[in-house]
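The values are calculated or read from the model by the stated rules, or taken from the named source; none is laboratory data. The model shown is predicted, which means the values in this text are computed figures rather than measured ones. Backbone-built Cβ (ideal geometry, glycine too); neighbour counts: all protein chains shown.
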Amino acid sequence: MVRLLYRGRAYRGNRIINHYDAPLWKLPVFVKAGAIIPITHPHNNVTQNRSEIAQIRNLSWSKKYFC
């Protein structure tokens with residue numbers, strides 16, 4: 001199963017999603033269920049990136065916990 005990172009809508013995995021309706025300014029980010037995603041503060045380019053992590057998202061969508 002894959003989900004949209006910011007909307008949470010679930011899609012079946014192992015398939016191609018054609019003609020996904022998304023505006024150009026908001027790209028869809030599909031993530032696999034169970035993924036752990038580190039998220040940093042937004043920057044204008046990659047040279048501004050710092051090593052600090054602002055947030056860690058656990059995308060298990062269940063009652064499981066990761067250590």
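Here are some residues: Ile53, Ile17. Which one is of a type outside the set (Lys, Arg), modelled with pLDDT of 75 or more and in contact with a strand residue (DSSP E or B) (Cβ under 9 Å, 6 or more places away or on another chain)? Show your work before the answer.
On the way: Ile53 fails: modelled with pLDDT of 75 or more.
Answer to the selection: Ile17.
From (1) at pLDDT below 75; (2) surrounded by fewer than 10 Cβ atoms within 10 Å (Cβ to Cβ); (3) under 12 Å from the mean Cα position of the chain (by Cα); (4) at negative phi, pick out the condition that doesn't hold for Leu27.
The one condition Leu27 does not meet is (1).
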